[in-house]
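The values are calculated or read from the model by the stated rules, or taken from the named source; none is laboratory data. Bear in mind the structure is a predicted one, so any value in this text is a computation, not a measurement. No Cβ is skipped: glycine too gets one built from the backbone with ideal geometry, and neighbour counts run over all protein chains shown. Quick note on the areas: whole protein, heavy atoms, side chains included, nothing else; ligands and nucleic acids left out. Shrake-Rupley method; radii C 1.70, N 1.55, O 1.52, S 1.80 Å.
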Amino acid sequence: MLRKLIATLALAGMFLGPAVVVTSVAVLATPAIAACTPGSLIVGPVPDSLTATTRNGETVTLNRTQLTHAATIITVGGQTTGVGRPGVVIALMAALTESHLRMLANTSAYPRSGDYPNDGNGSDHDSLGLFQMRPTSGWGTVAELMDPNYQARAFYGGPTGPNYPSPRGLLDIPGWQQLDPGEAAQAVEVSAYPDRYQNYQPVAEAILTALTRPAPANGGGSGGEVVVPETTRIVFPLPEGTWVRTSPFGWRTDPVTFETAFHSGSDYGAADGTPIYAVADGIVVHAGYTGNWGGLIIVEHTVGGERIASYYAHMWEDGIHVTEGMTVTAGQHIGDVGSSGKSTGPHLHLEIRPGGQGQPAIDADGWLTDHGAEGISGGTATPATCTLTGAA
């Protein structure tokens with residue numbers, strides 16, 4: 001009903017004009033919001049290296065690339081209901097054992113796996129990636145399994161997992177919380193060497209301690225109290241083949257007043273309900289309804305050592321899939337295209353603001369091009385695990 005009301009009352013014209021101060025509009029609390037309250041799995045800065053000791057006394061040194069993969073596993077675990085710290089430790093144990101936290105291609109079994117970003121070439125049957133998952137066992141396609149985010153979601157499994165109900169992820173193992181962590185890892189991996197996983201438990205716990213920090217008490221903000229780790233990649237915010245450029249950044253004729261005005265974002269026309277993806281790893285600092293923006297999500301990132309805020313505007317109430325304080329990953333499905341606020345039709349208004357929330361905007365379209373933003377097909381995005389509305 002709110003959606004219809006907004007559509008009826010919305011002013012003609014796409015969003016224009018820079019807004020330095022954003023005033024939040026209250027959103028009614030729902031069970032879905034409560035389920036999304038951030039826990040303690042907020043990833044801080046990823047160090048250049050980490051040294052830890054296995055259970056059998058071996059010293060292990062992990063580099064920044066390996067720790068970045070660990071950060072992805074932690075982040076996805078923190079977003080997945082029911083996983084928590086115990087589940088993340090198990091996932092890290094499994095990835096350490098299977099790939100030493102490396103994203104492995106397997107060109108002898110799948111030559112095209114070498115075309116995806118990887119940390120080397122493996123040779124274990126037709127296994128791929130961090131958790132050495134096999135396409136022939138039903139874990140996913142080669143393209144999916146060469147995505148570390150997808151592999152983490154598949155390992156955790158559960159009703160929202162991409163492999164549900166089979167093969168089983170951690171959340172699909174009855175009583176996994178009562179199992180020894182190594183036994184739980186083995187229950188997912190079904191390895192011929194079931195006793196290997198326990199050896200890496202101390203390393204997994206050291207990684208989790210080193211990479212996480214307490215969640216912000218007030219859901220974040222732009223005051224500098226939240227440390228946002230360097231992003232692992234930059235992606236385009238809409239699926240490939242679903243959008244057209246409709247209004248660029250800069251001076252233009254206002255579609256409502258027909259006067260010259262400054263447009264602080266880049267507009268991409270797309271069908272109502274088209275998924276919107278986070279352009280980089282980061283932390284949500286705003287999610288709700290705000291004046292002319294309509295449904296607005298703001299995510300803060302660290303890109304090349306610089307704080308960056310990305311703004312996504314004009315979503316409907318049921319098209320906002322994150323809450324303030326949530327950690328998101330690049331390519332995560334955070335919202336859906338709508339036409340709320342000051343909008344003439346369904347589109348995404350995207351802004352990029354170096355320095356963080358409230359700072360002046362730059363040309364978002366040019367920024368994405370300069371950073372080589374990856375295109376994402378409609379079937380490979382990570383869906384958000386919560387939404388702002390439970391209403392029918």
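Remark: spin-label model distance residue 257-residue 227 equals 4.5 nm, labels positioned 7 Å along the Cα→Cβ axis. Take the range 75-183 with all the other protein chains still there, run a 1.4 Å probe, and you get 39 Å² of accessible area per residue. Rounded to two decimals, the Cα-based Rg/Rh of the range 113-167, with Kirkwood Rh, is 0.95. Accessible surface ranking for 119, 147, 1.4 angstrom probe, highest first: 119, 147. Residue 316 exposes around 20 Å² of accessible area when a 1.4 Å probe is run over every protein chain in place.
Once Rh is set to the Kirkwood radius over Cα pairs, what Stokes-Einstein translational diffusion coefficient, in µm²/s, holds for the range 133-213 at a temperature of 25 °C and a viscosity of 0.890 mPa s?
Answer, rounded: 181 µm²/s.
Pairwise Cα separations in the range 235-392 fall into 10 Å bins from 0 onward with the following percentages, short to long: 12, 45, 36, 7, 0.
Under 5 Å between amide hydrogens, built in the peptide plane, is the criterion, and for residue 335 it picks out 276, 321 among residues at least 5 positions away or on other chains.
Ignoring ligands, DNA and RNA, what percent of the accessible area of the range 287-348 is carbon or sulfur (1.4 Å)? The computed percentage sits at 45.
Rg/Rh, computed from the Cα trace of the range 163-322 with Rh as the Kirkwood radius, has the value 1.10.
Accessible area of residue 339 (1.4 Å probe, protein heavy atoms only, ligands and nucleic acids ignored): about 10 Å². Under 16 Å from a label point set 7 Å out along the Cα-to-Cβ vector of residue 178, the amide N atoms of the range 152-172 belong to 172. Computed 3J(HN,Hα) for the range 347-353, one whole-Hz value per residue from the Karplus formula 6.51 cos²θ - 1.76 cosθ + 1.60 where θ = phi - 60°, is 6, 9, 9, 10, 10, 10, 10, glycine and proline marked x. Along the positive direction of the dipole of the range 236-363 (beta-carbon charges: Lys, Arg +1; Asp, Glu -1; about the Cα centre), which of 261, 241, 313 reaches farthest? Looking along the dipole axis, the top candidate is 261.
Ligands, DNA and RNA left out, the accessible area of the range 55-123 computed with a 1.4 Å probe is 47% carbon and sulfur.
Projecting the Cα atoms of 201, 150, 139 onto the charge dipole of the range 84-233, computed from C-beta unit charges around the Cα centre, puts 150 farthest toward the positive end.
Note that the range 240-392 presents 33 Å² accessible area per residue, ligands and nucleic acids not counted, probe 1.4 Å. Distance distribution P(r), the range 62-199, all Cα-Cα pairs, bin width 5 angstrom from 0: 2, 12, 23, 25, 22, 12, 4, 1, 0 percent. Amide H of residue 324: which non-local residues (sequence gap of 5 or more, or other chain) have their own amide H closer than 5 Å, using H built in the peptide plane? Under 5 Å from the amide H of residue 324 lie the amide H atoms of 287, each far enough along the sequence or on another chain.
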